[in-house]
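Novice: Here it is, the structure, as structure tokens.
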Amino acid sequence: MAVHFKQVAIVGVGLIGGSLGMVLKQRGLADSVVGIGRRVENLKTAVQLGAIDRYVSEAKDGIRGADLVVLATPVDTYERHLKDWGRCLEPGAIVTDVGSVKGPLVEQAEGLMPARVHFVGAHPIAGREKTGVAAGSVDLFKGARCILTPTAKTDPQALQAIREIWEAAGSIVLSMDPVLHDRVLGAVSHLPHVAAFCLINALTDIKTGATPELDLLAYAGGGLRDTTRIAASSPEMWRDICLWNRQNLVQMIEVYEERLRHLKQLIAAGDGPGIERELERAKQVREKL
């Protein structure tokens, strides 16, 4: 593997950042991996698990001397981070991220880069509903897609270096326009999360006639667990995703509402054949997934 870094700083050593740290260390892609985060106990766990070599409480101390910085914090924090320590970056350094929104954030990050510092957007599609480095694994990205989102400003050598990191992690690496990325992921990732959150909240609101105190979720089977697993994801992270991709997401929700409204009308009308056609259509598409 040609790519190698002297010092990598990971800002936000959670599930994704911690798992990437494990990859960097176990694959020998970095001499040193420094963790930067808010929770000392989580950072201590990261050291114990081999995700990082050490940690610092002051971000600038970890950024100085780093030839690679990984932003693995909620996407709404990028601007604050880059403004705080961007000037500490050395010429030739690469900044990358792991966020689920790209279009406006890539443009923002590129505008905040100091001279001769390179930004490469990346989105490993390998999340879990569990958060924190304790849920991480060196194999988390194995077989998963990772989408890189280069622009006309992206340095080719920096792009190749980030590609090689994710290939070393076992990912299937693709490139996509940042704006297109947000529309695609708005449909196949952001909308399903919204649907799962709303379904759980709807079940919380549904009362059971004479026994309103009955806990419906206590009677849930595997179907509900499978359908709503992602509703256990980080509210902080998904709040920011909803806000930063809201234009696309609102359009996706409207399409979903129309499909739900159509099925509701079929059920209300007692239209058995219509209901079956609607379900069969979904079944055939799902079986291809």
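Novice: Could you identify the single residue in Gly21, Gly28 that is under 19 Å from Ala161 (Cα atoms), in the same structural domain as Gln157 (by TED's automatic domain parsing), buried (at least 24 other Cβ atoms within 10 Å of the Cβ) and out of contact with any Gly (no Cβ under 6 Å at 6 or more places or on another chain)?
Specialist: Among Gly21, Gly28, only Gly21 is under 19 Å from Ala161 (Cα atoms), in the same structural domain as Gln157 (by TED's automatic domain parsing), buried (at least 24 other Cβ atoms within 10 Å of the Cβ) and out of contact with any Gly (no Cβ under 6 Å at 6 or more places or on another chain).
Novice: Applying the selection to region 164-193, what residues are among the hydroxyl-bearing types (Ser, Thr, Tyr) and surrounded by fewer than 16 Cβ atoms within 10 Å (Cβ to Cβ)?
Specialist: Once the filter is applied, which keeps residues that are among the hydroxyl-bearing types (Ser, Thr, Tyr) and surrounded by fewer than 16 Cβ atoms within 10 Å (Cβ to Cβ), region 164-193 yields only Ser175.
Novice: Given the criteria in contact with an Asp or Glu (Cβ under 6 Å, 6 or more places away or on another chain), modelled with pLDDT of 95 or more and either over 24 Å from Thr77 (Cβ atoms) or aromatic (Phe, Trp, Tyr) (or both), does Phe141 qualify?
Specialist: Answer is no for this residue.
Novice: Please determine, by comparing only the residues of region 82-139 that are in a strand (DSSP E or B) and free of Cβ contacts under 8 Å to residues at least 40 places away in the same chain, which one is farthest from Met22 (Cα to Cα).
Specialist: Phe119
Novice: Just to be sure I understand, how many residues within region 140-151 are without any contact (Cβ under 8 Å) to a residue 40 or more places away in the chain and not in a strand (DSSP E or B)?
Specialist: Count: 4.
Novice: A further question follows. When you scan region 181-289 for helices (runs of 4 or more DSSP H) that lie fully inside it, which ones turn up with 3 or more residues that are under 15 Å from the mean Cα position of the chain (by Cα) and within 25 Å of Thr131 (Cβ to Cβ)?
Specialist: 191-205, 235-244
The values are calculated or read from the model by the stated rules, or taken from the named source; none is laboratory data. Since the structure is predicted, the reported quantities are computational estimates derived from the model, not experimental observations. Glycine gets a Cβ as well: all are built from the backbone with ideal geometry, and neighbour counts include every protein chain shown.
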